[in-house]
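**Student:** Before I ask anything, here is the structure I am working with.
The values are calculated or read from the model by the stated rules, or taken from the named source; none is laboratory data. What you see is a predicted model, and the numbers here were worked out from it, not measured in a lab. Every residue, glycine as well, gets a Cβ built from its backbone with ideal geometry; the counts of neighbours run over all protein chains shown. Surface accessibility is based on the protein's heavy atoms, side chains included, excluding ligands, DNA and RNA. Shrake-Rupley method; radii C 1.70, N 1.55, O 1.52, S 1.80 Å.
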2 protein chains.
Amino acid sequence: MFNLIHQDKNSKARLGKLVTAHGEIDTPCFIPVGTQGTVKTLSCQELEESGAQIMLSNAYHLFLRPGREVIKKAGGLHKFISWRKPILTDSGGYQIFSLALLRKVNDRGVEFQSHIDGLKHFLTPEDVIDIQKDFGSDIMMPLDECVHYPCAQDHAEIAMKRTIDWAKRSKTVISENRQLLFGIVQGATYEDLRKECAHQLTDMDFDGFAIGGVSVGEPKNLRYNIVNFVADLLPKDYPRYLMGVGLPQDIIEAVESGVDMFDCVVPTRYGRNGTAFTSEGKLTIRNSPYIEDFRPLDKGCSCYTCNNFTRAYLRHLFNSGEILGLRLVSLHNVHFYLELMHKIREAIRLDGFREFKKEFLRNYKLDNHRTLEPQNIRTTEH
Amino acid sequence: MFNLIHQDKNSKARLGKLVTAHGEIDTPCFIPVGTQGTVKTLSCQELEESGAQIMLSNAYHLFLRPGREVIKKAGGLHKFISWRKPILTDSGGYQIFSLALLRKVNDRGVEFQSHIDGLKHFLTPEDVIDIQKDFGSDIMMPLDECVHYPCAQDHAEIAMKRTIDWAKRSKTVISENRQLLFGIVQGATYEDLRKECAHQLTDMDFDGFAIGGVSVGEPKNLRYNIVNFVADLLPKDYPRYLMGVGLPQDIIEAVESGVDMFDCVVPTRYGRNGTAFTSEGKLTIRNSPYIEDFRPLDKGCSCYTCNNFTRAYLRHLFNSGEILGLRLVSLHNVHFYLELMHKIREAIRLDGFREFKKEFLRNYKLDNHRTLEPQNIRTTEH
């Protein structure tokens, strides 16, 4: 199911291949986020042409709207959204704990009110897997309890233990359709909690392991440390998935710690705000220097946007409130992320990940000042 | 420049071909509207794949934003927006008379304030052609004065005479680049004014003739009569362009009167509102009957939307506020209009336009009640 192809000689970065019912995924991979069954502004065709091998959707959102019956009757999520490659569905645990109203948790499950229409729902961990079975997701995530930063240790421990219990119950809901189920390591920023969670989950024989509860408000260094710490605890022969992370530099850092899979709303969220990722750093297309700049967003980029349109035109589209602008910059950003992962994989294959990282960061200008960085990324797109 | 290929034996409908610097256009044709240099929500590639042979843009809008210098430096409008087929630019006369602030007209030209930033501008008819020369439009429209309905005859006459004077002055601004210039027939709903305007303009040797000042609030029957009346006044060997019209049934009616060219914001405007045009009439995708309707918008339609997505999914996208929904229905609608024109041309070729019209209207359910029909179509997209 997961084939660890090569380990970089000079770092913990890994090259792998994940096999799912709807196709193979080369890792390290980036998973574009289509919370509501569409990667915002983009068509499935554009996503596929950009090189995406998998997309992410959200069970909580789709359960509430359009509802599990609609998707079931459509013949599953792939058919409903017309995407033939693999789909990973997030359970929506994070959304229930951050977005839903009047939430009541007990060991049996969660009661909450829909953030859309206020209707009450009760979901058990078993329900959440059942929903994802109806959807036909290639990779399912169990219901988990994710805490914010900072979080007291006793609170973090309760959430972590509940996450383990729910993971165990999720395993009992057998799937016949080659659907994979990952375990999610929680435990906030406490190494002993993370360790206990990782050990208990690895004993349970999941198909892969996710690192949850990061990028929830903690300082960057703490995040890097926890990711590195947890990655070391996970078995080598299983894929490791860092949920909701992140910016290009965050992904590179985590790949170096041995993480294989990433998802984040950043490329599309930033795209809709007119911020493009380029090999030289971020570019804010509304800015006046681009009024008569007839170069593409990123020289050397092969995406549809860069092949056809100039910064001056993109700036005009944003200033005129034209939807095509949101589309073209989102498309470029998703392409940039997928191309970054491609380059990362090539570097690992040649045992040159460290050099790649150095070279990338030399060209890629990081902001010196504190900018609007995406925190709570798993929840922000709703 | 215009080749009248065939005249339907049983009606005044005509089949033709218009040759421009950037390619040929089969007529009767529909021109998708890209007011600000983009057909709203769609890419140039999608437009071309839908079969569009020409698009429309607006000189007034592009003059104000991004400005004529930007487009000139980009190498013209085609390069700026990355569209290699013909472009017709509306002068913006209509916009100046409906959208701009604090307008002062005299015989020399128009002073107005930008509706975007309030800055004052003064444009003569010569300026307006110069701008379109800088843009490199394949078909240029002269500055005209368009009145609303109802309009007193003396007022309509002043506007009509000014339109003629401005048309004459527009002719003096010579273009070297095979750019075509059309004359615009004004005269409100007064047949004698329309007649005078048509005669004076045809004496001036324009490359084609537009019927302006319709769809400005007048009753439908009056509009049909005026269009039919003016079309009869125009020379046979020149293309006839009905500006800003309209719904499928309006286009079919005007084709029967001998009109060759149409533009309208309706397919994209309606698309963004979730109203799809189908062979059976309009379809409002948000409506509840479509919750579990897994059929395409229009059975037999070959567009990307109908080939890949169901009504249920499109409804979900609109209900979830997803931009992909606006895109997919706009794309379908533009395809529907272009396909309608294709069928109209085939019917004329076979001398069967009347039968086609009858058959189309038998299937196409018209609203019985008064719905939100687009009036003032030349001005509404801004």
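**Student:** So which residues of region B:70-86 lose at least 10 Å² of accessible area, probe 1.4 Å, when you go from the chain by itself to every protein chain present?
**Tutor:** B:Val70, B:Lys73, B:Ala74, B:Phe80, B:Ile81, B:Ser82
**Student:** How long are the three semi-axes of the equivalent ellipsoid of region A:149-218, in whole Å, if each is the root of 5 times an eigenvalue of the C-alpha gyration tensor, listed from largest down?
**Tutor:** Those come to 24, 12, 10 Å.
**Student:** Could you pull out every residue, at least 5 positions away or on a different chain, whose amide H is within less than 5 Å of the one on A:Asp263? Hs are placed 1.01 Å off N in the peptide plane, and Pro or chain starts have none.
**Tutor:** Here A:Ile31, A:Gly244, A:Val245 satisfy the definition.
**Student:** Quick one: Kirkwood hydrodynamic radius for region A:276-371, alpha-carbon pairs, angstrom, one decimal?
**Tutor:** About 14.3 Å, per the Kirkwood formula over Cα pairs.
**Student:** Something else now. Quick one: give the max-minus-min coordinate of the C-alpha atoms of region A:14-58 along each principal axis, largest first, in Å.
**Tutor:** 31, 22, 19
**Student:** May I ask you to give the percent of accessible area on the protein assembly as shown that is carbon plus sulfur, with a probe radius of 1.4 Å?
**Tutor:** Carbon with sulfur: 47 percent of the solvent-accessible area.
**Student:** Please report the relative contact order for region A:112-269, taking Cα pairs under 8 Å with a sequence separation of at least 6, and give it as a percent rounded to a whole number.
**Tutor:** 18 percent
**Student:** Under the rule of at least 5 residues apart or a separate chain, name every residue whose amide H is placed under 5 Å from the amide H of B:Gly281.
**Tutor:** B:Lys365
**Student:** For the protein assembly as shown, what size does the Cα cloud have along each of its three principal axes, sorted from largest down, in whole Å?
**Tutor:** For the protein assembly as shown, the Cα extents along the three principal axes come out at 91, 54, 43 Å.
**Student:** Given Cα positions, please report Rg to Rh for chain A, the hydrodynamic radius being the Kirkwood one.
**Tutor:** Radius of gyration relative to Kirkwood radius: 0.96.
**Student:** Where in chain A are the DSSP H helices whose C-alpha atoms run 24 Å or more along the long axis and whose mean Kyte hydropathy is at least 0.0?
**Tutor:** A:323-349
**Student:** For region B:59-121, restrict the atom set to alpha-carbon positions and state the Rg and Dmax in Å.
**Tutor:** That works out to 13.1, 37 Å for Rg and Dmax.
**Student:** Out of region A:245-304, which GluC sites (Glu not before Pro) are coil in DSSP terms and have no more than 13 other C-beta atoms within 10 Å?
**Tutor:** A:Glu280
**Student:** Next question, about the same structure. Pull out a ≥ b ≥ c, the square roots of the eigenvalues of the alpha-carbon gyration tensor of region A:233-303, then state rounded if a/c is under 1.5, prolate if not and a/b is larger than b/c, and oblate in the remaining case.
**Tutor:** Cα axes put region A:233-303 in the prolate bin.
**Student:** Now for a different question. Based on DSSP H runs of at least 4 residues, each adding -39500 (n - 2.57), what is the mean residue ellipticity at 222 nm of chain B after dividing by all its residues, to the nearest 500 deg cm²/dmol?
**Tutor:** -12000 deg cm²/dmol
**Student:** List the accessible area buried at the contact between B and A, summed over both sides and calculated with a 1.4 Å probe, in Å² to the nearest 100.
**Tutor:** In total, this chain pair buries about 3300 Å².
**Student:** Right, another one. Just to confirm, what accessible area per residue do you get for the protein assembly as shown at 1.4 Å probe, in whole Å²?
**Tutor:** Value for the protein assembly as shown: 37 Å² per residue.
**Student:** Another question, if that's okay. Shortest first and in nm with one decimal, please list how far the A:Leu361 label point sits from its counterparts in the other copies (point 7 Å along Cα→Cβ).
**Tutor:** 7.3
**Student:** Please give me, ordered by residue number, the GluC sites (Glu not before Pro) of region B:137-241 that lie in loop per DSSP and have at most 13 other Cβ atoms within 10 Å.
**Tutor:** Sites meeting the loop and neighbour criteria: B:Glu176.
**Student:** For region A:115-240, compute Rg over Rh where Rg is the Cα radius of gyration and Rh is the Kirkwood radius from the inverse mean 1/r over Cα pairs.
**Tutor:** In region A:115-240, Rg relative to Rh is 0.98.
**Student:** Taking only C-alpha pairs under 8 Å that are 6+ residues apart, what is the relative contact order of region B:114-193 in percent?
**Tutor:** Here the relative contact order equals 38 percent.
**Student:** May I pose another question? For region A:292-339, rounded, prolate or oblate, judged on the Cα gyration tensor with a ≥ b ≥ c (square roots of eigenvalues), a/c < 1.5 rounded, else prolate if a/b > b/c?
**Tutor:** Taking the square roots of the gyration eigenvalues as a ≥ b ≥ c, region A:292-339 is oblate.
**Student:** I've got another one for you. Using the Cα atoms of region A:1-130 to build a convex hull, what is its mean projected area in square nanometres?
**Tutor:** Approximately 10.0 nm², given one-decimal rounding.
**Student:** With the contact rule set at Cα under 8 Å and sequence spacing of 6 or more, what percent relative contact order holds for chain B?
**Tutor:** 19 percent
**Student:** Between region B:66-94 and region A:91-117, what is the C-alpha centre distance in whole Å?
**Tutor:** The distance from the Cα centre of region B:66-94 to that of region A:91-117 comes to 52 Å.
**Student:** Which Cys in chain B stand alone, with every other cysteine's Cβ at 4.7 Å or more from theirs?
**Tutor:** B:Cys29, B:Cys44, B:Cys146, B:Cys151, B:Cys197, B:Cys264, B:Cys303
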